[in-house]
Each structure stands twice: as structure tokens, then as C-alpha cells.
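Engineer: Below is a structure I'd like to ask you about.
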Amino acid sequence: MAHAIRFEKSGGPDVLSWQQVQLGKPGHGQVRLRHTAVGLNYIDTYQRSGLYQLPLPSGLGSEGAGVVEEVGSGVSGLRPGDRVAYAGGPIGAYADERVMPADRLVPVPDGITDQQAAAMMLKGMTAWYLVRRTHPIKRGETILIHAAAGGVGLIVCQWAKHLGATVIGTVGDEEKARLARQNGCDYPILYKHEDLVAKVNELTQGKKLPVVYDSVGKDTFYKSLECLAPLGLMVSFGQSSGAVGPVDTGILAAKGSLFLTRPTLNTYTASREDLLTAARELFEVVQSGAVKIVVNQTYPLREAAQAHRDLEGRKTTGQTVLTV
């Protein structure tokens, strides 16, 4: 019998429970997947808490890696025994086995472990669209990434540095500053103790920035706008401190005809072609060593509630994986 983490109502980590689930055979265009590792992401806490509402009762999780066990009709390019990974698609990755649409799975190349694949797909492809599509980073640019020691932040720091950028990042303490610096962040700013806007002005000699990547939301949004040069781009891709709330778009004009976008991975990888491009470019920079994916924490899948507590308590750094 398969098992999965499920929840009947929104709330804190305690609403998560380990349950037996019925698993049918894969239908047309589907495969049955046995997970070996599942990625933990901040969006999981939004969905569990009700900030992002799911139809209940529900499973959780949108990223994993494993082995194809059975292939349904109409599936080409995959067969039992293949190592695959995914991000996005139907919610329900917190499970030891599941049925998945075959067209959302990508082959995992040799040289990348299952834990790395589970840890990198959502965060890594998010980093991919940020630095390659939303604002393609150019050599010589200076950029700002908030939560630089977080899962997406560490990958963006490395990838942006690989692309030739100077990287400024915000972090919460000295330990996270060291971690960010080790991963390509030139100037970690301790946002609790330093004036972010003044520091960016100092580092850029008053020129400010072409882009800010902001996953923090409420606590940083308006400071981020202050850091942008005229015609700069504000990329708001998360809200770990809470929702930004209504924004008077006139502020974008007042601060220099700024651009504002709220991108999602699902949009950038909606087509099979874009999904494969994202995964290929991500795997390439990891295999080349330009981006290192280090799993800093692992928890047994059945202990997902504790993983959520630690994530929300800012006790984790970098990548965290739930093991099956």
C-alpha cells in the first residue's frame, strides 16, 4: 500500500499526517513513479497554511525524483527503471509512490544524484527563469537577490556570478552571510542591521540596479523599489514575510518608470519544450560545476511536519530534501 502526507484542513505543520492511500494503475499518458527523494519548498508552507488555497483534503508537494515503475498507454521516451525528476504539475509529491503525467517528467542525467535532482528542480528552474528569461543577466551587471542563503538564492548567486554579474544579497545573520559569500554573493547585506538602500547606493556609487529579485514580499518590497535604477525591473517571485498587498502603480512612475512582474515557474515551463530547455540548462550548469547543489538538510518524508517547522523558523539553509 502506498503512503502519502495529507491534510484535511489548513493550518500549522501539525495538520500534516502520514496516511495510506490507494494508487491506481497509470492511465493514458501517465506513469507510476516510485519516489526516492522529495523536494521541500517554501510554497508548500503557503499551501498548507491556506495562504495559497488548495481544494481539501489534499496532498502536498510539487517536486520530486525517483524511478519509473510502470508506463501507461501512449507514453513514449520513458520506460520502467528510468530515473526522472519533476517540478510543478499536480500537487502530491509528498508520497512514496504516485501516478504522474509523463510529459511533466524529465530524465535525470548520470552524475546527478536523486537527492540533488529532487532539491534542484523547482528552485533551480526558478533560478533559470529569473536569470535567463525574466531578466537575462548580462556580464558586468550588478544585481540584488533577497534571501541569498535560501534555496533559490544560493542557486541565483552562483548562476549570476557564472554569467558575469556582481551579486548583492540580503541575509539574516553572519552564518548565512558566509554561506552566501561561498556561493558567489559578492556583497552579503545583513538586512536586520544594515540600511539596504544606503548600502546599495554605496556599492553602485549611486547608479542603483537594473533588477531586484525579491521572494520576501511585504518586508522588502518598497525597499527593493528604492534600489532600482530608472527603467529597472522589480521581480516579485515570493512572499515569505507576507503578501505585499495593494500597490499604487503610480509609485513605479515616480521612481523612474520602473517595471514590475510577478512570475511563476508554471508559466515559464508550461510547454514541454520550455520545460526541457529549463531542465537541460539547469543540468548543464550543475554538471559543469558552475552551480553546486548541496543538500544541507534531510528529513524522513513521514516527518514533513518537522521539516515545515524548521523551514518557517528559518533554521534551514540551502536545499532540504525529504527522503523516502
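The values are calculated or read from the model by the stated rules, or taken from the named source; none is laboratory data. In this text, all values refer to a predicted model and were calculated from it rather than measured experimentally. Don't worry about glycine lacking a Cβ; one is built from the backbone with ideal geometry, like all the others, and counts go over all protein chains shown.
Engineer: Inside region 143-178, can you point out the residues that are on the phi > 0 side of the Ramachandran plot and in contact (Cβ under 8 Å) with a residue 60 or more places away in the chain?
Structural biologist: Of everything in region 143-178, just one residue is on the phi > 0 side of the Ramachandran plot and in contact (Cβ under 8 Å) with a residue 60 or more places away in the chain, namely Ala147.
Engineer: All but one of (1) surrounded by fewer than 21 Cβ atoms within 10 Å (Cβ to Cβ); (2) in a strand (DSSP E or B); (3) not acidic (Asp, Glu) hold for Arg132; state the number of the condition that does not hold.
Structural biologist: (2)
Engineer: Return the residues of region 208-220 that are without any contact (Cβ under 8 Å) to a residue 60 or more places away in the chain and surrounded by fewer than 21 Cβ atoms within 10 Å (Cβ to Cβ); say none if nothing qualifies. Working first, answer last.
Structural biologist: If we filter region 208-220 for residues that are without any contact (Cβ under 8 Å) to a residue 60 or more places away in the chain, which is where we start, we get 208, 217-219.
Gly217, Lys218, Asp219 - these are the residues of region 208-220 that are without any contact (Cβ under 8 Å) to a residue 60 or more places away in the chain and surrounded by fewer than 21 Cβ atoms within 10 Å (Cβ to Cβ).
Engineer: Need the failing condition index for Val197 against (1) crowded, with 19+ Cβ neighbours inside 10 Å; (2) among the hydrophobic types (A, V, I, L, M, F, W, C); (3) under 18 Å from Pro210 (Cβ atoms), just the number.
Structural biologist: Failing condition for Val197: (1).
Engineer: When you go through (1) assigned to a helix (DSSP H, G or I); (2) of a type outside the set (D, E, K, R); (3) within 29 Å of Trp18 (Cβ to Cβ); (4) outside the structural domain of Asp96 (by TED's automatic domain parsing) one by one for Leu225, which number turns out not to apply?
Structural biologist: Against the list (1) assigned to a helix (DSSP H, G or I); (2) of a type outside the set (D, E, K, R); (3) within 29 Å of Trp18 (Cβ to Cβ); (4) outside the structural domain of Asp96 (by TED's automatic domain parsing), Leu225 comes up short only on (3).
Engineer: Starting from region 115-142, take each residue that is of a type in the set (Lys, Arg) and list its partners that are not in a helix (DSSP H, G or I), counting only C-beta distances under 6 angstrom and pairs at least six apart or across chains.
Structural biologist: Arg139/Gly164
Engineer: For Arg302, state whether it is within 15 Å of Met125 (Cα to Cα) and either in a helix (DSSP H, G or I) or among the β-branched types (Val, Ile, Thr) (or both).
Structural biologist: Details: within 15 Å of Met125 (Cα to Cα): no; either in a helix (DSSP H, G or I) or among the β-branched types (Val, Ile, Thr) (or both): yes.
No.
Engineer: Working only within region 83-99, note down all residues that are without any contact (Cβ under 8 Å) to a residue 40 or more places away in the chain and surrounded by fewer than 17 Cβ atoms within 10 Å (Cβ to Cβ).
Structural biologist: Pro90 - this is the single residue of region 83-99 that is without any contact (Cβ under 8 Å) to a residue 40 or more places away in the chain and surrounded by fewer than 17 Cβ atoms within 10 Å (Cβ to Cβ).
Engineer: Looking only at region 222-248, which residues are exposed (fewer than 13 other Cβ atoms within 10 Å of the Cβ) and at pLDDT 95 or above? If you could, list the steps in order and put the result at the bottom.
Structural biologist: Going residue by residue through region 222-248, those that are exposed (fewer than 13 other Cβ atoms within 10 Å of the Cβ) are 230-231, 242-243, 245-246, 248.
Residues satisfying the conditions are Pro230, Leu231.
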